[in-house]
Amino acid sequence: MIMAQEKSTAEKLPVAISRRQAKKRYRLKHTAVKNRKLALFGLVLAGFLVGVLITFYYTWVSSIGYSIDQAEKQVTALRIENAGLEEGVSRFSSLGRIEALATQKLGMIRSDDAGVLVVNDSNIEKKHNMAGQETVGAVGKEQKSRFIQAFISLVDRLERKD
């Protein structure tokens, strides 16, 4: 036979039941609060790290920009210096300056025109080739090689065919 057993009076009271439920609720709330705090801490940490990353990036970009500006200033200074050096080279290599240095410092004498051979038209004989074109050559000497003469005659033959 089965007998029913009565529950103790402490278990029957609503206060005892509510304490158990309160403990469970407290544990659940406490765990939820801990999870929320942990999530909030993670978000704050992530935001901080993103801020540090952005700051690092902008610092890096500005340092690169500063380096570029310094390089451009150096290039400009070098171009100005190069232009000055080119001007100096052109001034020192001018023919008038070279002649003055040669005559004054080195003791050279300016040559007269005695060593210059002038060729006049009287020394050149004009000949007409088969095509009627005028050729110029020295008197009594044949100036063109046989290869050139053969090429000219070949061209003349081709022109006559057309």
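Just so it is clear, none of the values below were taken in a lab; they were calculated from the coordinates. As the structure is a computational prediction, the values presented were derived from the model and not from experiment. Every residue, glycine as well, gets a Cβ built from its backbone with ideal geometry; the counts of neighbours run over all protein chains shown.
Taking label positions 7 Å along the Cα-Cβ direction at both Leu95 and Arg110, the computed distance is 1.2 nm, reported to one decimal. Rounded to the nearest Hz, the phi-derived 3J(HN,Hα) couplings of region 87-100 under the Karplus curve 6.51 cos²θ - 1.76 cosθ + 1.60 (θ = phi - 60°) are 5, x, 4, 5, 5, 6, 9, 5, 5, x, 5, 5, 5, 5, where x marks glycine and proline.
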